[in-house]
Amino acid sequence: DGGITQSPKYLFRKEGQNVTLSCEQNLNHDAMYWYRQDPGQGLRLIYYSQIVNDFQKGDIAEGYSVSREKKESFPLTVTSAQKNPTAFYLCASSSPGTMVGYTFGSGTRLTVV
Amino acid sequence: AQSVTQPDIHITVSEGASLELRCNYSYGATPYLFWYVQSPGQGLQLLLKYFSGDTLVQGIKGFEAEFKRSQSSFNLRKPSVHWSDAAEYFCAVGAGEYGNKLVFGAGTILRVKS
């Protein structure tokens, strides 16, 4: 079955370290997105990519970086510059023009220790 | 810029009672509107969506929503709530071509009491 896979489900990071969250989809979707979720704040857009080798900053991109070298993959790196990285991170994908909305992965919970 | 307001942070209903979750949006053009549901520690699942046409849309799990342009609202309803409906619900508005860039509300946590 097609879907989005995020890994790992839980991730612990020491302060000052970079960490990369994986997001892979086999839905043949062109667009992919990263959201951060904090209690009571809904989902905030970090980065999005409409096509391979191109991506745009969302509302809270500072301290994060992404790459889109393959259509299927959109990894997110949380850098040491992100001051408050503990959160739940959600990856999503969509097929522009089909009006079906987003398909979400099951998320990665990142905790800084 | 588009925005979404979900006025209720928490709602508690009795099992079998009816449910209405409120959503108000701000967007200059014809909106693409969505409702998603999230169980704890999980991703979001699409309940229903509105793009055009009939303003009352049916979704999965017995949910429906009504688009009211004059009130800039897209409220989610269910006639009889089941304990398994306890979750967090997000309303979203899409901008851009085919609404491909979604903006989400802060969410409403639904608790169901037996």
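Since every read-out is calculated from the coordinates, none of them should be taken as a lab result. These numbers were taken from a predicted model, which means no experiment stands behind them. Counting neighbours? That spans all protein chains shown, and the Cβs are built from the backbone with ideal geometry, glycine included.
Dividing the mean sequence gap of close Cα pairs (under 8 Å, 6+ apart) by how many residues chain A holds gives a relative contact order of 35 percent.
For each pair in A:Lys57/B:Lys101; A:Lys71/B:Lys101; A:Lys57/B:Lys68; A:Lys9/B:Lys113; A:Lys14/A:Lys57, compute the distance between the two Cα atoms and list the pairs where it is over 23 Å. Going by Cα-Cα distance, A:Lys57/B:Lys68; A:Lys9/B:Lys113; A:Lys14/A:Lys57 fall outside the 23 Å limit. For the stretch B:55-92 versus the stretch A:34-81, the inter-centroid distance based on Cα atoms is 29 Å. Most mobile of A:Pro75, A:Pro85, A:Pro39 per a Gaussian network model of chain A (Cα springs, under 10 Å)? Evaluated over chain A, the most mobile residue of the options is A:Pro39.
What is the stretch B:17-84's relative contact order, in percent, from Cα pairs under 8 angstrom and six or more apart in sequence? Please list the in-between numbers first.
On the way: 114 pairs, mean separation 26.5, N = 68.
Over the stretch B:17-84, the number comes to 39 percent.
Whole-Hz Karplus values for the stretch B:37-47 come out as 10, 9, 7, x, x, 10, x, 9, 10, 6, 8 Hz, taken residue by residue from phi with 6.51 cos²θ - 1.76 cosθ + 1.60 and θ = phi - 60°; glycine and proline positions read x. For the stretch B:75-83, putting each phi into the Karplus relation 6.51 cos²θ - 1.76 cosθ + 1.60 with θ = phi - 60° gives couplings of 7, 9, 9, 8, x, 8, 7, 10, 4 Hz, in residue order, rounded to whole numbers and with x for Gly and Pro. Per-residue shielding of A:28-35, expressed as the average number of other chain Cβ atoms within 10 Å of the residue Cβ, stands at 1.
So what is the orientation-averaged projected area of the protein assembly as shown, using the convex hull of its C-alpha atoms, in nm²? Working shown, then result.
Values: hull surface 50.4 nm².
With the hull built on Cα positions only, its mean projection is 12.6 nm².
Look at the stretch A:102-110: the mean tally of other chain Cβ atoms within 10 Å of its residues' Cβ atoms is 4. A simple charge model with +1 on the Cβ of Lys and Arg, -1 on the Cβ of Asp and Glu and nothing else charged puts the dipole of chain B at about 60 debye relative to its Cα centre. Taking amide hydrogens as placed 1.01 Å from N in the peptide plane, the amide H of A:Ala87 sits under 5 Å from those of A:Leu110, each at least 5 positions away in sequence or on another chain.
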